[in-house]
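**Student:** Mind looking over this structure? Questions follow.
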Amino acid sequence: MGRILRGDRNGAGLRIGVAVSRFNEHITRRLLAGALSALHKSGVAEESVDVVWVPGAYDLPIAAQALARSGRYDALVCLGCVIRGETTHDRYVAFGAAAGLMQVSLGTSVPLTFGVLTTHSLEQAEARSGGAHGNKGEDAAVAAVEMATLLRQIHGPRAG
């Protein structure tokens, strides 16, 4: 058998971009705090993390595409919060964000993690942004580090 490759949680030397939605900002700030904490704990230097704010979750893909195409980042963490309302609008926003981010990741070969909450209520969002169900921003940041380190093993370090 050949090699078995697996990413790790040592983010030393990585550059990470974080795109955050302002919509439901009281929740997304909590996701951002969790992501930044996780990146710090993994050894990503504070000056190696750039944070970009966008109006809403639907706007995350275009910002992520610009960040990914810049060639400056080993991985991107995308954070947002879509809460179900009285109409089906939330479904279109969440699907657009998810599909757009996946397209950017596959099209650029830069790993993007999906830290966009899609909940039925504010209480569920609070529980997943530092409450009873942990912090999904933290989870997305850990996954970004793991994917970046895995891709470095496959391809070597990113230029730039």
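None of the figures in this text is laboratory data; all of them are computed from the coordinates on show. Since we're looking at a predicted model, the values are computed, not measured. Every residue, glycine as well, gets a Cβ built from its backbone with ideal geometry; the counts of neighbours run over all protein chains shown.
**Student:** Calculate the all-directions average of the projected area of the stretch 1-122's alpha-carbon convex hull, and give it in nm².
**Tutor:** 8.8
**Student:** Provide the descending list of Cα extents for the stretch 30-94 along its principal axes, expressed in whole angstroms.
**Tutor:** Each principal axis gives a Cα extent; for the stretch 30-94 these are 42, 26, 14 Å.
**Student:** What's the ranking of 98-105, 41-48, 71-78, 58-65 by average number of surrounding C-beta atoms within 10 Å, highest first?
**Tutor:** 71-78, 58-65, 98-105, 41-48
**Student:** What list of ³J(HN,Hα) values in whole Hz, one per residue of the stretch 127-137 in order, does the Karplus curve 6.51 cos²θ - 1.76 cosθ + 1.60 (θ = phi - 60°) give from phi, with Gly and Pro shown as x?
**Tutor:** 5, 9, 10, x, x, 4, 9, x, 10, 5, x
**Student:** While we're here: Given all pairs of different Cα atoms, what value in angstroms does the Kirkwood hydrodynamic radius of the stretch 70-160 take?
**Tutor:** 14.3
**Student:** What is the magnitude of the charge dipole of the chain about its Cα centre, with +1 placed on the Cβ of each Lys and Arg, -1 on the Cβ of each Asp and Glu, and no other charges, expressed in debye to the nearest 20?
**Tutor:** Charge dipole of the chain: 440 debye, to the nearest 20.
**Student:** If you plug each phi of the stretch 69-75 into the Karplus form 6.51 cos²θ - 1.76 cosθ + 1.60 with θ = phi - 60°, what whole-Hz ³J(HN,Hα) values come out, in order, with x for Gly and Pro?
**Tutor:** Values per residue, Gly and Pro as x: 5, 5, x, 8, 10, 7, 6 Hz.
**Student:** Right, another one. For a quick check: with amide H placed at 1.01 Å from N, whose amide H comes under 5 Å from Val52's, ignoring anything fewer than 5 positions away on the same chain?
**Tutor:** Val18, Ala19, Val20
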